[in-house]
Amino acid sequence: MRNSNRGAVDPFIVMDVMEAARAAEDAGRRIIHMEVGQPGTPAPAAARAALSAAMQSDSLGYTVALGLPALRARIAQLYGEWYNVDLDPGRVVVTPGSSGGFILAFTALFDAGDRVALGAPGYPSYRQILRALDLVPVEVQTAPENRLQPVPGDLAGLDYQGLMVASPANPTGTMLDRAALGALVGAAQDRGAAFLSDEIYHGIEYDRRAVSALEISDDVCVINSFSKYFSMTGWRVGWLVVPPAQVRQFERLAQNMFICAPHAAQIAALAAMDAGEELQANMAVYTENRRLMLEGLPKAGFDRIAPPDGAFYVYADVSHLTDDSRAFAAEILDQAGVAVTPGLDFDPLRGGGTLRFSYARSTADIIEGLERLTAFMAARGAIKGVGPADPAAG
Ligand SMILES: Cc1ncc(COP(=O)(O)O)c(C=O)c1O
């Protein structure tokens, strides 16, 4: 049968790495997973209990397209708790993950051919979903001195109808502070472009709290999800906050595209929002894992890294070790049994010289992974003459 041209998007390389890791596990190897961007923990116990109870008494049919009213109200309450923002629940749109939120937002806000500016490195699916919708991703090469986040100067002279940022970002974990985020919101609004803020890693922040675009303006589209802080990746539930005048446009599209986000997941998500203690226990694990990574990666030889402000990733410059991050990641998987993600996923131009390490899993796995990486780099260094002294030469 025929294929569309717009459907010919690039693969999500990390999914290919996950598949290679799975094949190695099937062959009997123990693999340490530093590739996956997902918590190793299940949904909070209260979320699972709430769903279990609902399954006994509720037929769990479709919900209304914008989501369960109680969930929308609880999400609005979160904006008061986290950001001191008074949010009308009527502006919350519950989506099938933030991934469903991207499809909905891009379709509601843009026409075919519209250009959407994104910082590179960035989450790969932004550009692939944009392409699949006949939109044009305009990638801006961000600078290390701006901690790989876009600044208005990067956008000067660019034609774009939308600007999308993420803070904390994937793959770097860096955040935009209030002034930096405000400057980008202003740059987009000054030219009549839509501003989209991916806030999926909010809640997973270390030394300072993440700023929501809603603290700066109501005329923005915020994207969030239960996948990360709430530890519910596979449940496929997320949300958008949209300007009041645009709710109906999003609703009409959501009715037709998805009918609703999974009802069962919405029930679990509502209960997850009150599982503060368990979620804070997960945060304590990420905090310890981050400390171990920042100490252990440089010792292993991955010393070109910047401390992440949030999320659970370290993005390493390995351009002194390779210009083919895909082959390097395959070598690390093969020889060390550690799955890591090649930077090419996040930055087609410069990602040949970068790797992303995820520390979302258990602390025991992080310790073992760092030991394996250290041994791998020592062996590789001895072979290539760039690591510890070659014993044969001494
Ligand atoms: C920055 C970012 N946005 C969105 C997503 C998609 O998340 P989900 O569809 O599970 O909400 C991810 C997943 O890793 C991500 O890293």
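The values are calculated or read from the model by the stated rules, or taken from the named source; none is laboratory data. Note that this is a predicted model, so its numbers are computed, not measured. Methodologically, a virtual Cβ is constructed for each residue, glycine included, from the backbone with ideal geometry; neighbour enumeration extends over all protein chains shown. For accessibility, only protein heavy atoms count, side chains too; no ligands or nucleic acids. Shrake-Rupley method; radii C 1.70, N 1.55, O 1.52, S 1.80 Å.
A simple rule links phi to the HN-Hα coupling: the Karplus curve 6.51 cos²θ - 1.76 cosθ + 1.60 with θ = phi - 60°, which for the stretch 211-222 gives 9, 8, 4, 6, 6, 9, 7, 8, 8, 9, 10, 9 Hz, with x for Gly and Pro. The chymotrypsin sites (Phe, Trp or Tyr not before Pro) of the stretch 1-93 meeting both criteria, a DSSP state outside H, G, I, E and B (loop) and at most 13 other C-beta atoms within 10 angstrom of the site's C-beta, are Tyr62. Distances between placed amide hydrogens fall under 5 Å for Tyr313 paired with Tyr359, all partners being 5 or more residues away or on another chain. Computed packing ranks the peptides 168-177, 310-319 as 168-177, 310-319, most packed first, by mean other Cβ atoms within 10 Å. When the GluC sites (Glu not before Pro) in the stretch 10-118 are filtered for DSSP coil states and for at most 11 other beta-carbon atoms within 10 Å of their beta-carbon, no site remains.
In this structure Met257 has an accessible area near 80 Å², from a 1.4 Å probe over the protein heavy atoms.
In order along the stretch 154-163, phi translates into HN-Hα couplings of 5, 9, 4, x, 7, 9, 7, 9, x, 10 Hz, rounded to whole numbers, per the Karplus curve 6.51 cos²θ - 1.76 cosθ + 1.60 with θ = phi - 60° and x for Gly and Pro. Whole-Hz Karplus values for the stretch 79-84 come out as 5, x, 5, 8, 10, 6 Hz, taken residue by residue from phi with 6.51 cos²θ - 1.76 cosθ + 1.60 and θ = phi - 60°; glycine and proline positions read x. In the chain, the sites counted are trypsin sites (Lys or Arg not before Pro) in DSSP loop states with at most 11 other Cβ atoms within 10 Å, and the longest stretch holding none of them, exclusive of the sites, is 209-394.
Given a cut-off of under 8 Å on Cα pairs at least six residues apart, what relative contact order in percent is computed for the stretch 141-230?
Details: 130 pairs, mean separation 24.4, N = 90.
It rounds to 27 percent for the stretch 141-230.
Residue farthest toward the positive end of the dipole of the chain, with Cβ of Lys/Arg at +1 and Asp/Glu at -1: which of Gly276, Leu373, Thr107? Farthest towards the positive end: Thr107. Taking all protein chains together and rolling a 1.4 Å probe, Asp88 ends up with roughly 90 Å² accessible.
Once divided by 2.2 N^0.38 Å, the Cα radius of gyration of the chain becomes 1.00.
Express as a percent, rounded to the nearest 5, the fraction of DSSP beta bridges in the chain (both residues included) that run antiparallel. The antiparallel proportion sits near 45 percent. Given a 1.4 Å probe and the protein chains as shown, Asp159 ends up with an accessible area of around 80 Å².
List the relative contact order of the stretch 46-111 as a percent without decimals, with contacts defined as Cα pairs under 8 Å and 6+ residues apart.
Values: 31 pairs, mean separation 16.7, N = 66.
Result for the stretch 46-111 is 25 percent.
Between Glu215 and Glu331, the C-beta separation translates, for a Förster distance of 41 Å, into a calculated FRET efficiency of about 0.40. The 1.4 Å probe gives accessible areas that order Ser57, Ser99, largest first, as Ser57, Ser99.
Could you work out the relative contact order of the chain, using alpha carbon pairs under 8 angstrom and six or more residues apart, expressed as a whole percent? Write down the numbers at each step before the final one.
Working: 760 pairs, mean separation 91.8, N = 394.
Relative contact order, the chain: 23 percent.
Could you work out the helix-only [θ] at 222 nm for the chain, with each DSSP H run of four or more residues adding -39,500 (n - 2.57) and the total divided by the number of residues, to the nearest 500 deg cm²/dmol? All intermediate terms of the calculation are to be shown ahead of the outcome.
Numbers: 12 runs with 161 residues, N = 394.
One gets -13000 deg cm²/dmol as the mean residue ellipticity at 222 nm.
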